[in-house]
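> Sharing a structure, written as structure tokens. Questions coming.
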Amino acid sequence: MTLPETPSFRLDGLRAFVPGGSRGIGLGCAAALAQAGAHVVIAARGQAGVDQTVAAFRDAGLSADGVTLDVANLAAVDAVLAEHGPFDILCNAAGIARHAPAASTTPEDFDAVMGINLRGAYFLAQKVAAGMARGGSIIQISSQMGHVGGIDRAVYCATKHGVEGMTKAMAIEWGPRNIRVNTVCPTFVRTPLTQATFDNPERRAWIEEKIKLPRIAEVEDIMGAVLFLAGRASAMVTGTSLLVDGGWTAD
């Protein structure tokens, strides 16, 4: 009897692009891919953060380059892909939030969040997929808020629900080219950007009530999900979302 062999989680010889990869969840995504052997190109809007992150990766013996990029600037995306592409893996962690009650949302905030979280994500996937001649994996860092609603998050939820929908459609369209398209949907994750939320007693109580596991999510909880979707271990997984939400959406 010949036993089946578990697919490798290694990504040696592959190139990965991680917008939003200089901090928080994006940093964890980039680290997971690089630690598995991929060469990672990290993009963010701040040059200092990119430089610091790339230096840390190289000091750890990992293969990484960095670029400054606003994913809402499609001409800039084209320039980066022309210089650094093509890629086998896109893990898009770029995103912003401007939380407010729906009744007081301004057009400026609406356009800013839509421009990065939905429009930017859409065309980034389109442009990276165009270079995936041998197939590849596109991973959008979405959110549990792409499956439910949340306090003061009408615009943010709209973008993430949109990301979930476009991911399913792109998976159908690009499946024949062996391009897989999926999302990772974290719950609230402890990062410097979310610390203010956790410091608010009412919001922390709301989060702890909704999460069924007895702790708050950490960046490391997202890394395994991204690594799984990036390589051969998930070769038959496309058009779906991997919820890393501690059971938030189980209700």
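The values are calculated or read from the model by the stated rules, or taken from the named source; none is laboratory data. Since this is a predicted model, take the numbers as computed values, not measurements. Because the Cβ atoms are built from the backbone with ideal geometry, glycine has one as well, and the counts that use them run over all protein chains shown.
> If I go through segment 85-108 residue by residue, how many of them are of a type in the set (Gly, Ala, Ser) and in a helix (DSSP H, G or I)?
The number of residues fulfilling the criteria is 3.
> Could you go through segment 129-138 and let me know if any residue there is assigned to a strand (DSSP E or B), closer than 29 Å to Ala103 by Cβ and in contact (Cβ under 8 Å) with a residue 40 or more places away in the chain.
no
> Filter segment 1-31 down to the residues that are in contact with a Cys (Cβ under 6 Å, 6 or more places away or on another chain) and not in a strand (DSSP E or B) and list them by number.
Result: Cys29, single match.
> Oh, and also: State yes or no: is Thr183 modelled with pLDDT under 95, crowded, with 18+ Cβ neighbours inside 10 Å, under 19 Å from Ile25 (Cα atoms) and of a type outside the set (Lys, Arg)?
no
> What are the pairs, 6+ residues apart or on separate chains, where a residue within segment 63-84 that is touching a residue at least 12 places away in the same chain (Cβ under 8 Å) and in a loop (DSSP other than H, G, I, E, B) has its Cβ under 8 Å from a residue that is crowded, with 16+ Cβ neighbours inside 10 Å and among the β-branched types (Val, Ile, Thr)?
Here the result reads Ser63/Val40; Leu69/Val77; Leu69/Val80; Asp70/Ile116; Val71/Val77; Val71/Ile116; Ala72/Ile116, each pair linking segment 63-84 to a residue that is crowded, with 16+ Cβ neighbours inside 10 Å and among the β-branched types (Val, Ile, Thr).
> Ok, one more. Taking the condition polar (S, T, N, Q) and not in a helix (DSSP H, G or I), does Thr238 pass?
Here the answer is yes, as Thr238 does meet what is asked.
> Another question, then. Could we say that Arg204 is in a helix (DSSP H, G or I) and among the basic types (Lys, Arg) here?
yes
> Considering only segment 144-170, how many residues are outside any helix (DSSP H, G or I), in contact with a strand residue (DSSP E or B) (Cβ under 8 Å, 6 or more places away or on another chain) and either crowded, with 20+ Cβ neighbours inside 10 Å or without any contact (Cβ under 8 Å) to a residue 60 or more places away in the chain (or both)?
So the count comes out to 1.
> Which condition does Ala169 not pass, out of (1) farther than 16 Å from Ser234 by Cα; (2) in contact with a Ser or Thr (Cβ under 7 Å, 6 or more places away or on another chain), if it passes all the others?
(2)
> For segment 199-220, which residues satisfy the criterion of being under 22 Å from Gly149 (Cα atoms) and buried (at least 16 other Cβ atoms within 10 Å of the Cβ)?
Arg203, Ile207, Lys210, Ile211, Ile216, Ala217, listed by residue number.
> Residues to consider are Ala38, Ala43, Ala34, Ala16; find the one that is surrounded by fewer than 24 Cβ atoms within 10 Å (Cβ to Cβ) and in contact with a helix residue (DSSP H, G or I) (Cβ under 8 Å, 6 or more places away or on another chain).
From the options Ala38, Ala43, Ala34, Ala16, the qualifying one is Ala34.
> So, in segment 121-143, of the ones that are surrounded by 22 or more Cβ atoms within 10 Å (Cβ to Cβ) and touching an Asp or Glu at 6+ places or on another chain (Cβ under 8 Å), which residue ends up farthest from Asp245 (Cα to Cα)?
Taking the candidates together, the pick is Gly136.
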